[in-house]
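Worksheet: the structure to be examined is printed underneath.
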Amino acid sequence: MHAMIILDNIIRLVERWFERIRSGDLLRTLYIYLLLNFPLTLLIHSRYIALADTTGTFEEWSFLVSALVANTAMLYLLLWLLLIPIVILIPSRYMMLAISTIAVWLLNFISIFDLVIYNMYRFHLNGLVLNVLTTGGAYDSVSIGVVTGILTVALILGLLVSAGMLHWLVIKLCKAGRFTWPLPLLYSVTIITILLLNMVDKAQYARADLLNHTIVTRHAKLLPLYQPLTIKRFADKYLGIEVNREWDLELPAGGLLNYPATELEFDESHFKPNFILIVIDSWRYDMLDAAVTPNISAYAEEAKVFERHYSGGNATRFGIFSLLYGLHSIYWHTFLAERRGPVLFRSLQEAGYALKIISSTTLTFPEFRRTAFVDIPEFIDDQIEGDGARIRDPKQLPLLESWLDRLPADQPFFAMMLLDAPHGGGDYDPSTAQFFPHVNEINYLVLNKKRDATPYLNHYKNAIYFDDIVIGNLLDMLDDRGLDENTVVMITGDHGEEFFEHGYWGHTGAFTPEQVRVPLVMGGPGVGKGRVGRLTSHTDLAPTILELIGCKTPAEEYSQGISLLLAQSERSYVVSSGWDEFAIIDTAVTLVMSSEMYNMVGIKVYDSEYNLITENESELESRLPYLRAVMDEFSQFYHK
């Protein structure tokens with residue numbers, strides 16, 4: 001008897017569940033509730049535009065308004081899609097009221113909190129902020145104040161109460177039959193409208209990026225979770241549009257960047273050596289030895305070798321950025337958006353230096369023509385004839401010699417050579433191979449952690465050996481021309497390369513030593529020789545070069561690096577960045593956390609061998625000052 005009653009009640013509940021789903025009342029109520037909350041969130045997000053440095057042009061404001069509406073609409077679309085399955089599975093008005101109220105409250109509260117962070121630091125909520133707030137001991141030296149605490153509590157309660165009251169009102173109105181629009185019509189109109197808004201927004205940004213209109217592109221990081229659209233590759237390949245459009249570059253006044261923080265001053269009577277900066281793509285730290293790089297190793301005996309040197313990133317764009325700007329690569333996106341070049345090249349030109357950039361790959365992708373070399377396109381030679389690095393890398397030396405022949409004998413010069421043979425595993429003349437067995441090419445379909453990596457590693461070594469021959473010829477050329485006595489030669493890698501030593505292949509995947517620790521050999525006048533065991537970074541190169549030409553301005557006014565010429569330039573940590581994560585590295589541990597809002601998760605701590613440390617509370621607490629310092633460094637060169 002009791003079993004029959006229970007079964008009957010279950011059947012009635014299921015029938016009621018199907019009836020509610022069919023009627024669409026709950027889904028309609030949810031839709032109306034989100035629609036009425038949208039203006040409040042839009043109003044909150046409009047504050048980001050108030051914080052932006054704008055020029056008042058129609059193009060800029062058209063983009064800002066469309067991006068604001070489209071981005072906020074996408075957030076609500078995501079929220080809507082997340083809530084629909086919950087409403088279907090649990091068709092209860094009270095449950096829908098509770099869950100949707102909390103969801104909207106949470107969205108608005110996080111938006112306001114993110115506004116506070118953005119107003120202070122000019123970046124959005126990310127893993128760094130999260131870990132500063134949640135690490136043990138974080139509040140020992142930070143007091144939020146009584147007034148701030150009261151206002152925060154009031155804000156939380158106010159948002160929660162207003163969201164709940166609005167939902168109660170919507171339910172009453174829906175019950176009264178005020179909203180009877182068919183659901184298919186509502187959904188179709190909403191999705192089409194959001195898609196159209198995003199098409200308008202993305203089209204405006206893509207056009208501005210293609211034409212170098214920085215009044216638009218500089219706002220790429222203004223709104224939280226905003227994803228800009230670029231079409232440079234498509235336009236170049238399929239539309240025949242020239243993407244190296246430095247000639248129509250717009251550089252309006254203002255912007256988010258405050259770089260450099262002050263104008264640099266120089267001792268004009270200072271000796272001005274020549275510079276040659278050689279970057280070997282993917283050259284990792286343990287590939288500097290007599291077997292793999294005999295010519296570089298021989299040069300290193302009379303030069304200075306930095307044995308614990310780190311790239312500013314685990315990808316080419318981030319490594320080169322940190323090398324030439326002397327800044328953490330977290331700034332890459334903003335400098336790209338504003339098309340701002342490094343103070344290094346401007347200072348070299350003002351000091352009378354001739355400049356030359358030679359690359360075996362085009363400097364359009366990554367976007368170096370729009371960042372590091374944006375101010376000096378006429379000095380770039382990146383269209384070397386030939387198929388691959390095995391042909392192009394050796395051709396760099398004749399190009400350099402031809403350029404040197406045309407220079408006045410008394411003019412100092414800065415030349416940068418980007419060699420590409422080790423990239424992607426290796427491309428070199430097979431007759432120069434020294435390491436066996438090796439593959440001739442890499443079949444990525446059969447790669448896995450269980451496979452013996454020796455043939456691939458030997459392939460990579462052979463490519464480095466190939467570029468070492470190129471560099472040996474370069475060093476001989478300097479000696480033959482009598483330039484070795486007054487030329488500072490710097491040889492390094494943009495990043496490293498891994499062959500499953502820690503479970504990763506290549507680069508960009510992690511911050512293992514194989515991916516971010518690189519050699520740095522530096523020799524010439526004023527440099528000295530010997531082995532340096534302290535932590536050094538790519539960010540140290542720019543202040544070092546500028547010091548060598550007589551810069552009197554403190555490095556912290558234009559860089560986050562420390563001159564390598566300072567004997568006591570000890571540092572506690574270095575920073576290396578990726579696409580959406582960054583690492584704080586010291587001699588014992590590596591802290592990895594997100595740099596973007598969309599993957600804001602807890603911190604990961606690895607030991608010196610890049611093994612994950614699960615019980616990491618003590619490591620985090622002892623390095624809390626690092627987190628605070630890096631948080632300040634990430635906003636150091638932004639206008640507040």
Residue that is touching a residue at least 60 places away in the same chain (Cβ under 8 Å), under 24 Å from Leu78 (Cβ atoms) and under 20 Å from the mean Cα position of the chain (by Cα), where the choices are Leu115, Leu125, Leu107: Leu125
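Per-residue answers, yes or no, for (1) within 27 Å of Phe368 (Cβ to Cβ); (2) among the charged types (D, E, K, R):
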| position | (1), (2) |
| --- | --- |
| Asp289 | no, yes |
| Ala300 | no, no |
| Ile320 | yes, no |
| Leu324 | yes, no |
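For the range 21-31, state whether one or more residues are aliphatic (A, V, I, L, M), open to solvent by 80 Å² or more (accessible area, probe 1.4 Å) and at pLDDT 75 or above.
Within the range 21-31 (the criterion being aliphatic (A, V, I, L, M), open to solvent by 80 Å² or more (accessible area, probe 1.4 Å) and at pLDDT 75 or above), the answer is no, since none of the residues qualifies.
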Test: residue in the range 305-316 that is open to solvent by 10 Å² or more (accessible area, probe 1.4 Å), out of contact with any strand residue (DSSP E or B) (no Cβ under 7 Å at 6 or more places or on another chain) and not aliphatic (A, V, I, L, M): yes
Test result for Asp452, free of Cβ contacts under 8 Å to residues at least 40 places away in the same chain, of a type in the set (D, E, K, R) and at negative phi: yes
Leu565 vs. criteria among the aliphatic types (A, V, I, L, M) and either at pLDDT below 95 or closer than 16 Å to Tyr310 by Cα (or both): yes
Where Val439 falls short, out of the listed (1) crowded, with 17+ Cβ neighbours inside 10 Å; (2) among the hydrophobic types (A, V, I, L, M, F, W, C); (3) over 27 Å from the mean Cα position of the chain (by Cα): (1)
Entirely in the range 448-562, the strands (runs of 3 or more DSSP E) that have 1 or more residues that are open to solvent by 10 Å² or more (accessible area, probe 1.4 Å) and more than 30 Å from Thr432 (Cβ to Cβ): 530-537
Residue list for the range 313-358, filter: farther than 26 Å from Ala389 by Cβ, in contact with a helix residue (DSSP H, G or I) (Cβ under 8 Å, 6 or more places away or on another chain) and of a type in the set (Phe, Trp, Tyr): Tyr331, Phe335
Checking Ala409 against (1) open to solvent by 60 Å² or more (accessible area, probe 1.4 Å); (2) closer than 21 Å to Arg284 by Cβ; (3) of a type in the set (Gly, Ala, Ser), the condition it does not meet: (2)
The lone exception for Asp427 - which of (1) under 33 Å from the mean Cα position of the chain (by Cα); (2) open to solvent by 20 Å² or more (accessible area, probe 1.4 Å); (3) more than 28 Å from Trp579 (Cα to Cα); (4) among the acidic types (Asp, Glu) it fails: (3)
Among the candidates Lys529, Lys552, residue that is under 22 Å from Leu288 (Cα atoms) and among the charged types (D, E, K, R): Lys529
Test for Arg390: is it basic (Lys, Arg) and buried (at least 19 other Cβ atoms within 10 Å of the Cβ): yes
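Every residue, every condition in (1) over 27 Å from Ile330 (Cβ atoms); (2) among the polar types (S, T, N, Q); (3) open to solvent by 50 Å² or more (accessible area, probe 1.4 Å); (4) at pLDDT 90 or above, yes or no:
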| site | (1), (2), (3), (4) |
| --- | --- |
| Tyr48 | no, no, no, yes |
| Thr57 | yes, yes, yes, yes |
| Trp80 | yes, no, no, yes |
| Ile102 | yes, no, yes, no |
| Phe113 | no, no, yes, no |
| Val116 | no, no, yes, no |
| Phe123 | no, no, no, no |
| Asn126 | no, yes, no, no |
| Val142 | no, no, yes, no |
Pair list, Cβ under 8 Å, 6 or more apart: the range 415-437 residue under 17 Å from Thr364 (Cα atoms), other residue outside any loop (DSSP other than H, G, I, E, B) and of a type in the set (Ser, Thr, Tyr): Met417/Ser359; Leu418/Ser359; Asp420/Ser359
Per-region count, the range 206-218, residues open to solvent by less than 10 Å² (accessible area, probe 1.4 Å) and in a helix (DSSP H, G or I): 6
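Results for (1) at positive phi; (2) at pLDDT 95 or above; (3) under 27 Å from the mean Cα position of the chain (by Cα); (4) among the charged types (D, E, K, R), shown as yes or no for each residue.
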| residue | (1), (2), (3), (4) |
| --- | --- |
| Pro408 | no, yes, no, no |
| Pro422 | no, yes, yes, no |
| Leu445 | no, no, no, no |
| Tyr460 | no, yes, yes, no |
| Asp467 | no, yes, no, yes |
| Asn473 | no, yes, no, no |
| Asp479 | no, yes, no, yes |
| Leu483 | no, yes, no, no |
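The values are calculated or read from the model by the stated rules, or taken from the named source; none is laboratory data. These numbers were taken from a predicted model, which means no experiment stands behind them. Quick reminder, even Gly has a Cβ in these numbers, built from the backbone with ideal geometry, and neighbours come from all protein chains shown. The area values use the complete protein model at the heavy-atom level, side chains included, leaving out ligands, DNA and RNA. Shrake-Rupley method; radii C 1.70, N 1.55, O 1.52, S 1.80 Å.
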